[in-house]
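The values are calculated or read from the model by the stated rules, or taken from the named source; none is laboratory data. None of the values given here were measured: they were computed from a predicted structure. Cβ placement follows ideal geometry from the backbone for every residue including glycine, while neighbour counts extend to all protein chains displayed.
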Number of protein chains: 2
Amino acid sequence: MNEYLYDDIYVGQEETFNVKITQKLMDNFFKLTGDCNPLHRDLDYAKSVGFDKNVVYGMLTASFLSTLAGVYLPGKYSLIHTIETDFVKPVFVGDTLTVKGIVKEKNDDFKVFWLKVDVFNQNGQKVVRGKMRIGFMC
Amino acid sequence: MNEYLYDDIYVGQEETFNVKITQKLMDNFFKLTGDCNPLHRDLDYAKSVGFDKNVVYGMLTASFLSTLAGVYLPGKYSLIHTIETDFVKPVFVGDTLTVKGIVKEKNDDFKVFWLKVDVFNQNGQKVVRGKMRIGFMC
């Protein structure tokens, strides 16, 4: 786990990690949230609306932004203020996602920074675009 | 599960549900994301930075927006385009949250609507403020 403080952060700083979306993660997200929407749970329904597989919960993909901030950038002292995400392409079970953050702006008065976030699938297609405003516990 | 279509949605329409945040949910979110940040996992650390209990992952609270859209408003045919959330107060294990959505605006050209979202704790304090842009599978 990284332990960057505000002064360690610089514009252009990047962190990246990969995560594979398994059926187990999907089942866990269902248990967590109770979101029983059939697009994510019923293959016949997903096929009936044009998909070959169940679509991964957008908020499951977005939940890895928690990891991006809390473990990687800035890590230990992270305090997420805001998150904005656009879900631009569907994610499917079995996809391997690359979660990437890059520091776009620092605010010395408030000791916060803006992290641009992009999530790509294994084909290099962007599936989530977003940004986070992040402060520090100390 | 509700099955509202675009034409069923009206400005001012509301849905609300409650969820209790347990240590099990926290453990599940850790397993899901790998976010081992000590603010959420290490009580001594949480105390050292001024909290009596471990702080709930912001993205765990936000994950219930998936349920709000996918089960309640609009329900079955929901397709979330964007989510924006501000984490305005900390949430603690044991809190009972009220997740509330109200339709603020419809766009007849794109068949999408904006849902204003607020999450309150058991003391009526707002802990998350946000909005979602939601379309339909059919």
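Number of residues in region B:24-66 that are more than 9 Å from chain A (Cβ to nearest Cβ) and part of a loop (DSSP other than H, G, I, E, B) equals 6. Considering the conditions (1) at pLDDT below 95; (2) crowded, with 21+ Cβ neighbours inside 10 Å, A:TYR45 is excluded by exactly one of them, (2).
Kindly indicate whether B:GLY70 is surrounded by 21 or more Cβ atoms within 10 Å (Cβ to Cβ), touching a strand residue (DSSP E or B) at 6+ places or on another chain (Cβ under 7 Å) and at the interface with chain A (Cβ under 8 Å from one of its Cβ atoms). Yes, satisfied.
Against the list (1) over 18 Å from A:THR82 (Cα atoms); (2) buried (at least 19 other Cβ atoms within 10 Å of the Cβ); (3) more than 10 Å from chain A (Cβ to nearest Cβ), the condition B:LYS106 fails is (2). Taking the listed residues A:ILE83, A:ILE102, the one that is in contact (Cβ under 8 Å) with a residue 60 or more places away in the chain and of a type in the set (Val, Ile, Thr) is A:ILE102, with no other qualifying. Evaluate the following for A:VAL19: is it within 14 Å of A:VAL127 (Cβ to Cβ), more than 15 Å from the chain's Cα centre (by Cα) and within 12 Å of chain B (Cβ to nearest Cβ)? For A:VAL19, the condition - within 14 Å of A:VAL127 (Cβ to Cβ), more than 15 Å from the chain's Cα centre (by Cα) and within 12 Å of chain B (Cβ to nearest Cβ) - is not met.
Which ones in region A:82-131 are closer than 29 Å to B:PRO90 by Cα and either touching a His at 6+ places or on another chain (Cβ under 8 Å) or not in a strand (DSSP E or B) (or both)? Once the filter is applied, which keeps residues that are closer than 29 Å to B:PRO90 by Cα and either touching a His at 6+ places or on another chain (Cβ under 8 Å) or not in a strand (DSSP E or B) (or both), region A:82-131 yields A:ASP86, A:PHE87, A:ASP108, A:ASP109, A:PHE110, A:LYS111, A:VAL112. Within region A:73-96, being closer than 14 Å to A:ASN2 by Cα and at the interface with chain B (Cβ under 10 Å from one of its Cβ atoms) holds for A:GLY75, A:LYS76, A:TYR77, A:SER78, A:LEU79.
If the condition is being closer than 29 Å to B:ASP42 by Cβ and among the small types (Gly, Ala, Ser), then region A:74-116 contributes A:GLY75, A:SER78, A:GLY101. The residues of region B:43-72 that are under 17 Å from B:ARG129 (Cβ atoms) and among the aliphatic types (A, V, I, L, M), listed by number, are B:VAL56, B:MET59, B:LEU60, B:ALA62, B:LEU65, B:LEU68, B:ALA69. Taking the criterion of being farther than 20 Å from B:LEU25 by Cβ and under 13 Å from the mean Cα position of the chain (by Cα), the residues of region B:103-117 that qualify are B:LEU115, B:LYS116.
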